[in-house]
Amino acid sequence: MKVGFFDSGRGGLCILDAFRRLCPQAQTEYIADSRHCPYGNRPPGEIRRLSDACVRRLLARGCGMVVVACNTATAAAIDWLRAKYAGVPFVGVEPAVKPAALRSKTGVIAVLATAGTFSGRLYNETRERCAKGVRVIAATADEFVDLVERGETEGAEAEAAVRARIEPLLEAGADRIVLGCTHFPHLKGTIEKIAAGRAEVIDPSEAVARQAKRIWEGMAK
Ligand code: DGL
């Protein structure tokens with residue numbers, strides 16, 4: 001049984017790579033919907049329609065489960081996809097607010113995600129439930145998506161863009177930076193270089209891949 005992954009572009013490859021490390025024997029399919037990238041500022045109905053098209057392509061390729069390797073698509077579409085494709089397990093990704101809030105010493109955390117993710121139910125419920133008493137700075141960084149799609153993840157251009165976004169968060173006291181968009185782990189090296197000694201960068205790719213592994217193993221039995 002193949003495992004399908006999709007994202008608006010190259011972002012979700014960080015989850016696919018983590019899954020392949022955990023399950024090297026699994027067969028996988030990946031759809032990068034680059035024609036419609038970015039998803040971040042599109043209305044939820046449009047993201048549902050685009051996600052649906054990706055899912056149909058993955059199912060047509062023989063996938064028996066789908067990893068929505070995009071925070072924005074998870075926020076707008078995962079409930080809807082689960083209802084529409086009742087027999088298909090879906091794994092989604094949402095900003096790792098809980099571990100960040102639990103580990104913060106300053107009581108300030110920053111979440112980097114798209115506008116679509118910030119307006120979704122999942123993010124808002126998790127923040128309400130898991131970040132009580134913690135100041136959560138919600139920041140978008142749409143230019144990071146463009147950098148990653150162009151393969152500019154290191155070097156002067158990437159560093160300048162990352163510094164411009166990250167410095168204000170560090171100055172505001174954030175000691176945990178949550179990568180709430182699957183494009184952003186591709187810039188993790190650059191983000192960590194700038195945040196070094198001041199903030200820990202939290203990347204959920206591994207945790208999502210572990211969840212996908214659990215479901216995949218359960219289905220293989
Ligand atoms: N990779 C997507 C996410 O995780 C966002 C990128 C986009 O705006 O298309 O939210």
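The values are calculated or read from the model by the stated rules, or taken from the named source; none is laboratory data. It should be emphasised that the depicted structure is a prediction, and the values quoted were computed from it without experimental measurement. Don't worry about glycine lacking a Cβ; one is built from the backbone with ideal geometry, like all the others, and counts go over all protein chains shown. Side chains included, ligands, DNA and RNA excluded: accessible areas come from the protein's heavy atoms. Shrake-Rupley method; radii C 1.70, N 1.55, O 1.52, S 1.80 Å.
What is the gain in length, in nm to one decimal, between residue 215 and residue 106 on full extension, counting 0.36 nm per residue of separation less the C-alpha to C-alpha distance?
Gain on stretching residue 215 to residue 106: 35.6 nm.
Evaluate E = 1/(1 + (r/R0)^6) for residue 143 and residue 86, where r is the Cβ-Cβ distance and R0 equals 41 Å; express this FRET efficiency to the nearest 0.05. Efficiency, from the Cβ-Cβ distance: 0.60. For the listed residue pairs 132/213; 98/193; 193/213; 84/188; 2/84; 105/188, the alpha carbons are over 26 angstrom apart in 132/213; 193/213; 84/188. Could you state the number of Å between the C-alpha centres of the stretch 1-71 and the stretch 87-163? Measuring centre to centre over Cα atoms gives 19 Å. Placing a label point 7 Å from the Cα of residue 57 along the Cα-to-Cβ direction, the residues of the stretch 1-25 whose backbone N falls under 17 Å of that point are 3-14, 16.
May I ask you to give the percent of accessible area on the chain that is carbon plus sulfur, with a probe radius of 1.4 Å? Within the chain, the accessible surface is 50 percent carbon and sulfur.
Computed over the chain, the per-residue total of -39500 (n - 2.57) for DSSP H runs of n ≥ 4 gives a 222 nm mean residue ellipticity of -15000 deg cm²/dmol, rounded to 500. The residues of the stretch 1-137 present an accessible area of 44 Å² per residue when probed at 1.4 Å with all protein chains retained. Across the chain, the relative contact order, built from alpha-carbon pairs under 8 Å that are at least six residues apart, equals 25 percent. Computed from Cα atoms alone, the Kirkwood hydrodynamic radius reported for the stretch 152-206 is 11.2 Å.
Residue ranges 124-136, 207-219, 166-178 sort as 166-178, 207-219, 124-136 when ordered by packing (mean number of other C-beta atoms within 10 Å per residue, highest first). Between residue 150 and residue 79, the simple label model (points 7 Å from Cα in the Cβ direction) yields a spacing of 3.7 nm.
Cα-based radius of gyration for the chain, normalised by 2.2 N^0.38 Å, reads 0.98. In the full protein context, the stretch 157-202 carries 37 Å² of accessible surface per residue, based on a 1.4 Å probe and ignoring ligands, DNA and RNA.
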